[in-house]
1. Would you say GLN89 is assigned to a helix (DSSP H, G or I), polar (S, T, N, Q) and farther than 30 Å from HIS213 by Cα?
2. Filter region 3-39 for residues that are closer than 21 Å to LEU104 by Cα and modelled with pLDDT under 95; which is surrounded by the most Cβ atoms within 10 Å (Cβ to Cβ)?
3. Between residues in region 116-140 that are closer than 14 Å to ALA174 by Cβ and residues that are of a type in the set (A, V, I, L, M, F, W, C) and in a helix (DSSP H, G or I), which pairs lie under 8 Å by C-beta distance while being six or more apart or on different chains?
4. Which residues, counting only those in region 35-85, are over 24 Å from THR10 (Cβ atoms), among the hydroxyl-bearing types (Ser, Thr, Tyr) and in contact with a Leu (Cβ under 9 Å, 6 or more places away or on another chain)?
5. Can LEU112 be described as more than 30 Å from GLN222 (Cα to Cα) and in contact (Cβ under 8 Å) with a residue 12 or more places away in the chain?
6. Across region 190-203, what is the total count of residues that are more than 14 Å from ARG225 (Cβ to Cβ) and more than 17 Å from the chain's Cα centre (by Cα)?
7. Within region 73-95, is even one residue of a type outside the set (Phe, Trp, Tyr), under 23 Å from ALA3 (Cβ atoms) and either in contact with a strand residue (DSSP E or B) (Cβ under 9 Å, 6 or more places away or on another chain) or surrounded by fewer than 21 Cβ atoms within 10 Å (Cβ to Cβ) (or both)?
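The values are calculated or read from the model by the stated rules, or taken from the named source; none is laboratory data. Because the structure is predicted, anything quoted here is derived from the model rather than measured. As a convention, Cβ positions derive from the backbone with ideal geometry for all residues, glycine included, and neighbour counts pool all protein chains shown.
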Amino acid sequence: MAALTWRCTTATDVGKRRKINEDAVLERNEEGLWLVADGMGGHAAGDIASQAVVHACRQLSLQGSLIERLDKLEDTLIDVNHQLLAYAQEHLQGRTMGSTALALMAWERWALCVWVGDSRLYRWRHGEFVQVSRDHSKWQELRDGGADEEALSREPQLKNVITRAVGGQLQLFAEVQLLHLESGDRFLLCTDGLYNELENNDIASLLSQGEIHDVGQRLMGQALRQGARDNVSLIVVEVL
């Protein structure tokens, strides 16, 4: 069976209301690694956090099997977590700084989604659109625990309370999901600045049609037209 290949497009924008882009993206398409990071903590904190995640993952060795690559990625995120905690103590008087991290790692016919925080991975396959990742937020935790949906609808701000982040706690636990790849799959990695502006139906419609470079431009353009209240970052990956 022939090995699968892939192609991608990336985009990031400060948005319409923010002055600093605290998002960062990483594309190592030939090696099968893509990542988005959404920094938290404001100027000189959030942008430093997300760039630290991307810089470390840019240096990451991607030799070996998928599991070996996963071990290296998790170790890298743990190292950055310690670095950010130390930086916050030294330079920010202990104020919180951190970053989400969502990575897609592909190898042969398999991929791993690895994430902390509320940046998301979506997949389009044969007309079906699904959210692969699950937000690490207080709102999602309450929902998973069986909280009343009507009560949750009155607490939308809890979606912004992130329960896991690189730099957010002494111990970092990334969540991992194994995926089987098929030719024609399309994946969207994005920060909340995108999905908070677009409905799922709109994302699915845009993701499913046209060349992926155009897909990325249309997704970004729609988020900007919707007001882009936050930084917006995305990577679209197509499996060939």
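1. yes
2. LEU4
3. Cβ pairs passing all conditions: VAL116/LEU77.
4. Within region 35-85, none qualify.
5. So LEU112 does not fit the description; no.
6. 1
7. At the first step, the residues of region 73-95 found to be of a type outside the set (Phe, Trp, Tyr) are 73-86, 88-95.
When the remaining residues are screened for being under 23 Å from ALA3 (Cβ atoms), the result is 73.
Within this subset, residues satisfying the condition of being either in contact with a strand residue (DSSP E or B) (Cβ under 9 Å, 6 or more places away or on another chain) or surrounded by fewer than 21 Cβ atoms within 10 Å (Cβ to Cβ) (or both) are 73.
Yes, because at least one residue in region 73-95 is of a type outside the set (Phe, Trp, Tyr), under 23 Å from ALA3 (Cβ atoms) and either in contact with a strand residue (DSSP E or B) (Cβ under 9 Å, 6 or more places away or on another chain) or surrounded by fewer than 21 Cβ atoms within 10 Å (Cβ to Cβ) (or both).
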